[in-house]
Amino acid sequence: MTDYEDFSHLERADQVVAAVPGGGWRVHWKDEGPGGTPLTEQVLAWLITSQGRATAITVDAQGHVEDADGADAFIPPGQDLGS
């Protein structure tokens, strides 16, 4: 594994034990959109670990799936960012 040129390190990860639908939640970043603009995306799913941690998973317009750990805000269903 360390034969890869861009390899940095390994990290221990919690075991994912469940995935639940996003439930209408959204995540917001202040400056992750085009040209440093705000960006809001739907939560596709929540991954639940054996330690009880929930991680929001999003999918962007190009179909890329990522975790939203670095989001600036989590927006509950039916609320606006400013609510």
Subject >> Scope region 12-22; condition at pLDDT below 90 and surrounded by 11 or more Cβ atoms within 10 Å (Cβ to Cβ); matching residues >> reply: Asp14
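Yes or no, residue by residue, for (1) touching a Gly at 6+ places or on another chain (Cβ under 6 Å); (2) open to solvent by 80 Å² or more (accessible area, probe 1.4 Å); (3) within 15 Å of Ile75 (Cβ to Cβ):
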position: His9; (1), (2), (3): no, yes, no
position: Gly24; (1), (2), (3): no, no, yes
position: His28; (1), (2), (3): no, no, yes
position: Leu44; (1), (2), (3): yes, yes, yes
position: Ile48; (1), (2), (3): no, no, no
position: Gly52; (1), (2), (3): no, no, no
position: Val59; (1), (2), (3): no, no, no
**OP:** With the checklist (1) open to solvent by 40 Å² or more (accessible area, probe 1.4 Å); (2) of a type in the set (A, V, I, L, M, F, W, C); (3) closer than 24 Å to Val17 by Cα in hand, flag the one item Ala68 doesn't pass.
**Re:** (1)
**OP:** Could you tell me which numbered condition Pro77 fails, if it satisfies all but one of (1) surrounded by 11 or more Cβ atoms within 10 Å (Cβ to Cβ); (2) modelled with pLDDT of 90 or more?
**Re:** (1)
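The values are calculated or read from the model by the stated rules, or taken from the named source; none is laboratory data. These numbers come from a predicted model, not from an experiment. Neighbour counts are summed over all protein chains in view; Cβ atoms, including those assigned to glycine, are modelled from backbone coordinates with ideal geometry. Heavy atoms of the whole protein, side chains included, go into the accessibility calculation; ligands, DNA and RNA do not. Shrake-Rupley method; radii C 1.70, N 1.55, O 1.52, S 1.80 Å.
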